[in-house]
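Trainee: Structure below; questions to follow.
The values are calculated or read from the model by the stated rules, or taken from the named source; none is laboratory data. Keep in mind it's a predicted model, so treat the numbers as computed, not measured. Cβ placement follows ideal geometry from the backbone for every residue including glycine, while neighbour counts extend to all protein chains displayed.
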Amino acid sequence: MRSIFKVLTVAGLFVIFSCQGAKNNNQKDQSNEAIDTSVFYANHDNKDVLLYVIKNDKLEVSLTNFGARLVSVVVNDKSNKPVDVILGYDKAEEYIANTNNFYGAVVGRYGNRIANGTFKLGDNTYQLEINNEKNTLHGGKNGVFNKVWDVKSISDDAITLEYLSPDGEAGFPGNVKMSVTYKLNNDGGLEIHYEGETDKETVLNLTNHAYFNLNGAGDSTILDHELWIDADKLTEVNKGLIPTGINSDVKGTPFDFTVAKSIGKDIDQKNQQLTFGKGYDHNFVLNKKEGFTDVATLYAPKTGIEMKVITTEPGLQFYSGNFMSSDEPRGKGGKSYPYRSALCLETQHFPDSPNQPSFPSTVLSPGQKYSTKTEYRFSVR
């Protein structure tokens with residue numbers, strides 16, 4: 001797999017350098033044709049799907065404008081060996097053919113679930129696309145994960161992509177202009193900054209759906225990973241994984257990660273919430289003050305890689321890969337991604353907030369600016 005991404009890196013850097021030589025970072029990228037399209041290319045909705053690479057001394061990250069998604073995140077382990085810590089595919093066509101697993105994508109307009117695919121704003125009731133039994137998940141079939149975004153700017157260590165979601169897309173109101181910026185910092189961090197504006201009252205809740213395995217994409221399990229989450233409460237769900245409106249204490253339950261423990265320690269306990277999720281697939285109510293704060297730490301003893309999660313968001317969805325299967329199409333380098341071989345830590349507002357008045361609001365009105373930030377910061381122990 002590493003040899004494949006050496007080719008991709010060369011292609012991505014060619015775009016970066018030609019972009020810098022021709023324009024400043026506030027101008028649109030016009031050099032897409034410089035990418036080696038024999039390695040990573042597709043056409044979707046009459047737009048080119050391409051690959052870009054940003055890097056510094058700590059990280060090398062490749063991305064595609066299809067769903068503004070992460071394709072690889074390469075960090076060095078405790079032996080100074082490069083490890084790609086997220087799942088994905090080698091080819092653009094594979095992402096387009098398998099959008100339902102959301103590998104590395106920005107999901108929305110509404111990350112997570114909305115009950116029955118409907119909500120009210122003022123006197124208006126909106127019916128969304130249904131794509132998760134009777135509910136809407138991650139924005140519906142026509143979510144932003146399934147769109148080709150435009151590259152607004154790019155440099156050695158940062159890229160900004162934007163997308164204009166038209167009024168009524170997937171059932172959501174308002175023309176919403178959104179952007180996501182991926183930036184690498186000198187602390188080993190991958191910063192993700194989301195912004196959005198609307199011309200009509202709407203709801204917006206964007207997040208990234210990267211699947212992590214700090215032992216490397218294709219490793220067989222994440223049950224040996226150790227996880228700490230700064231959350232005393234859990235958003236309880238019903239069997240359809242829709243919040244009941246109750247935030248329950250995690251103390252004395254398998255959901256207590258206030259002291260770091262291995263993910264496999266309690267995952268198979270008898271517990272109704274674990275039964276509903278077939279494992280962990282729940283929103284944790286973060287113990288955070290306003291601002292940009294540490295909320296979780298993931299650690300893999302095998303590689304020594306640690307990942308901190310830092311965010312402005314009030315919630316964190318921890319998904320332990322309970323619906324993954326070896327029967328799914330193989331990933332990068334032909335590797336299988338079996339049951340519980342990766343996990344997601346999605347920073348967010350709460351699931352079904354538009355229908356839960358007690359939850360933090362996700363309403364965005366004209367004249368307001370949606371702005372959230374998350375960082376995945378990597379180091380070794």
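Trainee: Could you say whether any residue in the stretch 288-297 is of a type in the set (K, R), over 30 Å from S79 (Cβ atoms) and surrounded by 15 or more Cβ atoms within 10 Å (Cβ to Cβ)?
Mentor: Taking the stretch 288-297 and keeping what is of a type in the set (K, R), we get 288-289.
Those left that are additionally over 30 Å from S79 (Cβ atoms): 288-289.
Filter once more, so that each one left must be surrounded by 15 or more Cβ atoms within 10 Å (Cβ to Cβ): 288.
Looking for residues that are of a type in the set (K, R), over 30 Å from S79 (Cβ atoms) and surrounded by 15 or more Cβ atoms within 10 Å (Cβ to Cβ), one finds at least one in the stretch 288-297, hence yes.
Trainee: Out of all the residues in the stretch 95-131, which are under 20 Å from the mean Cα position of the chain (by Cα) and surrounded by fewer than 17 Cβ atoms within 10 Å (Cβ to Cβ)? I'd like the intermediate steps shown before the answer.
Mentor: Start the filter on the stretch 95-131 by keeping residues that are under 20 Å from the mean Cα position of the chain (by Cα), which leaves 95-114, 131.
A97, N98, N100, listed by residue number.
Trainee: Could you list all residues from the stretch 93-127 that are within 10 Å of D352 (Cα to Cα) and in a helix (DSSP H, G or I)?
Mentor: Applying the first criterion (within 10 Å of D352 (Cα to Cα)) to the stretch 93-127 yields 110-119.
Scanning the stretch 93-127 gives A115, N116, G117.
Trainee: Please determine, by comparing only the residues of the stretch 298-335 that are touching a residue at least 12 places away in the same chain (Cβ under 8 Å) and at positive phi, which one is surrounded by the most Cβ atoms within 10 Å (Cβ to Cβ).
Mentor: Going residue by residue through the stretch 298-335, those that are touching a residue at least 12 places away in the same chain (Cβ under 8 Å) are 298-326, 328-329, 331-333, 335.
Those still in the list that are at positive phi too: 304, 321, 333.
Numbers: G304: 16, G321: 26, G333: 15.
Ranking the candidates gives G321 first.
Trainee: In the set I242, I246, I229, which member is in contact with a helix residue (DSSP H, G or I) (Cβ under 9 Å, 6 or more places away or on another chain) and either free of Cβ contacts under 8 Å to residues at least 12 places away in the same chain or of a type in the set (A, V, I, L, M) (or both)? Don't jump to the end; show me each part of the working.
Mentor: Numbers: I246 fails: in contact with a helix residue (DSSP H, G or I) (Cβ under 9 Å, 6 or more places away or on another chain); I229 fails: in contact with a helix residue (DSSP H, G or I) (Cβ under 9 Å, 6 or more places away or on another chain).
Answer to the selection: I242.
Trainee: Here's a follow-up. Which pairs do you get when a residue that is closer than 17 Å to N112 by Cα, found in the stretch 351-370, comes within reach of a residue that is surrounded by fewer than 19 Cβ atoms within 10 Å (Cβ to Cβ) and of a type in the set (K, R), reach meaning Cβ atoms under 7 angstrom, with the pair 6+ apart or on two chains?
Mentor: Sorted first by the residue in the stretch 351-370, then by its partner, the list stays empty.
Residues are listed down the side, and each one gets a yes or a no for (1) surrounded by fewer than 17 Cβ atoms within 10 Å (Cβ to Cβ); (2) polar (S, T, N, Q):
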| site | (1), (2) |
| --- | --- |
| T136 | no, yes |
| G140 | no, no |
| I159 | no, no |
| P166 | yes, no |
| E169 | no, no |
| N175 | yes, yes |
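Trainee: Quick one: how many residues across the stretch 148-157 are crowded, with 17+ Cβ neighbours inside 10 Å and either hydroxyl-bearing (S, T, Y) or at positive phi (or both)?
Mentor: Selection size over the stretch 148-157: 1.
Trainee: May I ask you to list the residues in the stretch 171-209 that are small (G, A, S), part of a strand (DSSP E or B) and over 20 Å from I54 (Cα atoms)? Don't jump to the end; show me each part of the working.
Mentor: Start the filter on the stretch 171-209 by keeping residues that are small (G, A, S), which leaves 171, 174, 179, 188-189, 196.
Narrowing the set further to residues that are part of a strand (DSSP E or B) leaves 179, 189, 196.
Listed by number, the list holds a single entry, G196.
Trainee: Determine whether F145 is buried (at least 17 other Cβ atoms within 10 Å of the Cβ) and farther than 28 Å from T64 by Cα.
Mentor: Here the answer is no, as F145 does not meet what is asked.
Trainee: Scan (1) aliphatic (A, V, I, L, M); (2) under 30 Å from L128 (Cβ atoms); (3) touching a Ser or Thr at 6+ places or on another chain (Cβ under 8 Å); (4) surrounded by 24 or more Cβ atoms within 10 Å (Cβ to Cβ) for the single condition A210 breaks and write down its number.
Mentor: (3)
Trainee: Here's a follow-up. Going through the stretch 23-82 one residue at a time, which ones are modelled with pLDDT of 95 or more and of a type in the set (K, R)?
Mentor: Within the stretch 23-82, K47, K55, K58, R69, K78, K81 qualify.
Trainee: May I ask you to list the residues in the stretch 148-170 that are part of a loop (DSSP other than H, G, I, E, B) and within 22 Å of V73 (Cβ to Cβ)?
Mentor: Hits for the stretch 148-170 are W149, S155, D156, D157.
Trainee: Looking only at strands (runs of 3 or more DSSP E) that fall completely inside the stretch 220-289, which ones have 1 or more residues that are in contact with a strand residue (DSSP E or B) (Cβ under 8 Å, 6 or more places away or on another chain) and within 30 Å of R330 (Cβ to Cβ)?
Mentor: Values: elements: 226-229, 231-237, 243-249, 281-286.
It comes to 226-229, 281-286.
Trainee: If a residue must be in a loop (DSSP other than H, G, I, E, B) and either under 19 Å from L190 (Cβ atoms) or under 13 Å from the mean Cα position of the chain (by Cα) (or both), how many such residues does the stretch 307-326 contain? Walk me through how you get there before you give the answer.
Mentor: Pass one, the stretch 307-326, residues in a loop (DSSP other than H, G, I, E, B): 312-314, 320-326.
If we keep only those that are either under 19 Å from L190 (Cβ atoms) or under 13 Å from the mean Cα position of the chain (by Cα) (or both) too, we end up with 312-313.
Qualifying residue count, the stretch 307-326: 2.
Trainee: Only one residue in S379, S371, S353 is touching a Pro at 6+ places or on another chain (Cβ under 9 Å) and hydroxyl-bearing (S, T, Y), so which one is that?
Mentor: Numbers: S379 fails: touching a Pro at 6+ places or on another chain (Cβ under 9 Å); S371 fails: touching a Pro at 6+ places or on another chain (Cβ under 9 Å).
Sole residue among the options that is touching a Pro at 6+ places or on another chain (Cβ under 9 Å) and hydroxyl-bearing (S, T, Y): S353.
Trainee: From the list V39, V74, V53, V83, exactly one residue is over 18 Å from the mean Cα position of the chain (by Cα), at negative phi and part of a strand (DSSP E or B). Which is it?
Mentor: On the way: V39 fails: part of a strand (DSSP E or B); V74 fails: over 18 Å from the mean Cα position of the chain (by Cα); V53 fails: over 18 Å from the mean Cα position of the chain (by Cα).
It is V83.
Trainee: Within the group N56, N43, N65, which residue is without any contact (Cβ under 8 Å) to a residue 24 or more places away in the chain and of a type outside the set (K, R)?
Mentor: Working: N56 fails: without any contact (Cβ under 8 Å) to a residue 24 or more places away in the chain; N65 fails: without any contact (Cβ under 8 Å) to a residue 24 or more places away in the chain.
Just a single option satisfies the conditions, and that option is N43.
Trainee: Being farther than 28 Å from T372 by Cα and in the same structural domain as T312 (by TED's automatic domain parsing) narrows it down to one of G277, G252, G245, so name that one.
Mentor: Details: G277 fails: farther than 28 Å from T372 by Cα; G245 fails: farther than 28 Å from T372 by Cα.
Going through G277, G252, G245 in turn, just one is farther than 28 Å from T372 by Cα and in the same structural domain as T312 (by TED's automatic domain parsing): G252.
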